[in-house]
Amino acid sequence: MISTAAATDAEHAALGHRLAEAWRCGALVPAAPAPDPAAVVHVTRMGRGESFEAWEIRPEAGPVLTVRIPWQDEALHAPAMAGEVLALERIPEGLGPQPLALHEDAARSPIGRPCLVTTHMPGRILAPEVWTPAHLRAHARRLAELHRTDEPWRAPSWAEETGALFAQWPAQLAPGDPHGLAPLIAAAGQECAAAAEEIDAAPRWTLCHGDLCATNIVWEDGRCAYIDFEWAMADDPARDLAIIGGPVHAGPWYVPMTEEQAAGFVQEYRARCAKLGGLVEETSALRSRMRAWTAYERTAMLVHVAGRAEHSALHARVLPQLRGTLAAMLGVA
């Protein structure tokens with residue numbers, strides 16, 4: 001059975017039917033016991049993010065599954081699923097889904113598309129404006145649990161990661177730079193260049209989610225868990241701390257926080273790190289690196305949003321707010 005909410009057009013209906021048939025014949029999760037071919041299964045398209053869309057496979061008997069499928073530029077995003085599997089195999093139990101099957105090659109995939117099948121994480125995503133201080137505290141504590149996993153390797157140096165992108169972004173702007181983004185890119189680039197030594201000298205490199213905005217956090221009974229680990233890597237934990245929000249915010253992704261609230265969020269994270277027996281960094285060090293990560297990550301999102309604004313009402317609506325809050329942080333008119 002395909003939920004009517006999932007089959008908004010013929011393409012979605014066809015994909016939903018392929019998912020149902022792949023589940024029934026046991027090809028979707030080859031390692032699992034084959035289900036009854038006559039079993040009733042409900043397939044629902046849950047939503048679409050910036051790169052992947054998620055489908056729910058809900059049999060009348062048996063575990064619920066989530067299937068993540070890249071919806072644009074499969075050649076670019078499909079390889080990230082292999083890295084996502086490695087991260088999901090390492091996260092503490094309950095913090096995110098468990099990987100069940102990876103179909104990287106569209107030609108060999110049972111649905112004709114690359115996809116990643118995982119266990120289902122129950123809960124709901126909360127809009128940034130309904131987050132409370134209690135939500136922020138709960139998220140801070142869960143982040144500390146995620147960051148208990150020290151990683152022996154390091155991501156590319158800060159200069160390597162940011163330098164090339166700051167050089168490329170001006171060329172991606174619309175002719176004439178109608179949104180006035182070039183000054184922000186330049187100011188953010190300077191901010192990030194100044195932080196290079198500090199970030200490369202971060203005392204810990206942990207398993208980081210890499211994209212923990214509000215849309216990648218699910219809530220149930222006051223507890224949160226994380227989904228969409230496509231950007232997970234060994235990295236500076238200040239990266240995950242910065243992405244949830246703060247003074248630079250907009251759209252469905254970032255939770256607005258005052259400087260005082262952001263400081264309280266970091267303090268809760270540090271307290272949980274101490275209780276877990278991990279390294280407890282000074283607040284000032286974490287907040288300093290968080291500012292650089294905010295400049296980098298929000299600029300990347302700003303360029304992305306501007307590129308989508310012409311064809312997406314959401315991105316067009318979000319663009320002025322994201323530009324304005326980033327400009328205020330960077331001191332750009």
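The values are calculated or read from the model by the stated rules, or taken from the named source; none is laboratory data. Keep in mind it's a predicted model, so treat the numbers as computed, not measured. No Cβ is skipped: glycine too gets one built from the backbone with ideal geometry, and neighbour counts run over all protein chains shown. For accessibility, only protein heavy atoms count, side chains too; no ligands or nucleic acids. Shrake-Rupley method; radii C 1.70, N 1.55, O 1.52, S 1.80 Å.
Identify all residues within the stretch 215-246 that are surrounded by 24 or more Cβ atoms within 10 Å (Cβ to Cβ) and part of a helix (DSSP H, G or I); write none if there are none.
Across the stretch 215-246, the qualifying residues are PRO237, ALA238, ARG239, ASP240, LEU241, ALA242, ILE243.
Condition (residue is open to solvent by less than 50 Å² (accessible area, probe 1.4 Å), assigned to a strand (DSSP E or B) and either out of contact with any Pro (no Cβ under 7 Å at 6 or more places or on another chain) or free of Cβ contacts under 8 Å to residues at least 24 places away in the same chain (or both)) applied to the stretch 117-135: is it met by at least one residue?
Yes: the stretch 117-135 contains one or more residues that are open to solvent by less than 50 Å² (accessible area, probe 1.4 Å), assigned to a strand (DSSP E or B) and either out of contact with any Pro (no Cβ under 7 Å at 6 or more places or on another chain) or free of Cβ contacts under 8 Å to residues at least 24 places away in the same chain (or both).
Looking only at the stretch 136-173, count how many residues are among the basic types (Lys, Arg) and open to solvent by less than 50 Å² (accessible area, probe 1.4 Å). Give the derivation first.
So the first thing to find is which residues in the stretch 136-173 are among the basic types (Lys, Arg), and the list is 137, 141-142, 148, 154.
Retained after the next criterion (residues that are open to solvent by less than 50 Å² (accessible area, probe 1.4 Å)): 142.
Of the residues in that region, 1 qualify.
For the list (1) touching a strand residue (DSSP E or B) at 6+ places or on another chain (Cβ under 9 Å); (2) assigned to a helix (DSSP H, G or I); (3) open to solvent by 10 Å² or more (accessible area, probe 1.4 Å), I need the number of the one condition that GLY278 fails.
Of the numbered conditions (1) touching a strand residue (DSSP E or B) at 6+ places or on another chain (Cβ under 9 Å); (2) assigned to a helix (DSSP H, G or I); (3) open to solvent by 10 Å² or more (accessible area, probe 1.4 Å), the odd one out for GLY278 is (2).
Does HIS249 fit the bill of being in a helix (DSSP H, G or I), open to solvent by 10 Å² or more (accessible area, probe 1.4 Å) and in contact (Cβ under 8 Å) with a residue 40 or more places away in the chain? Can you show your working first?
Numbers: in a helix (DSSP H, G or I): no; open to solvent by 10 Å² or more (accessible area, probe 1.4 Å): yes; in contact (Cβ under 8 Å) with a residue 40 or more places away in the chain: yes.
Answer is no for this residue.
Counting only residues that are open to solvent by 70 Å² or more (accessible area, probe 1.4 Å), in contact (Cβ under 8 Å) with a residue 12 or more places away in the chain and in contact with a strand residue (DSSP E or B) (Cβ under 7 Å, 6 or more places away or on another chain), which one in the stretch 72-99 is nearest to CYS25 (Cα to Cα)?
Among them, the one singled out is GLN98.
Looking at (1) without any contact (Cβ under 8 Å) to a residue 60 or more places away in the chain; (2) over 18 Å from GLY189 (Cα atoms); (3) buried (at least 18 other Cβ atoms within 10 Å of the Cβ), which is the only condition PRO320 fails?
Single failed check for PRO320: (3).
Which of (1) farther than 23 Å from GLY163 by Cβ; (2) assigned to a helix (DSSP H, G or I); (3) open to solvent by 30 Å² or more (accessible area, probe 1.4 Å) is the odd one out, the single condition SER288 does not satisfy?
(1)
Can you find a residue in the stretch 300-310 that is within 30 Å of ASP150 (Cα to Cα) and part of a helix (DSSP H, G or I)?
Yes, that holds for at least one residue.
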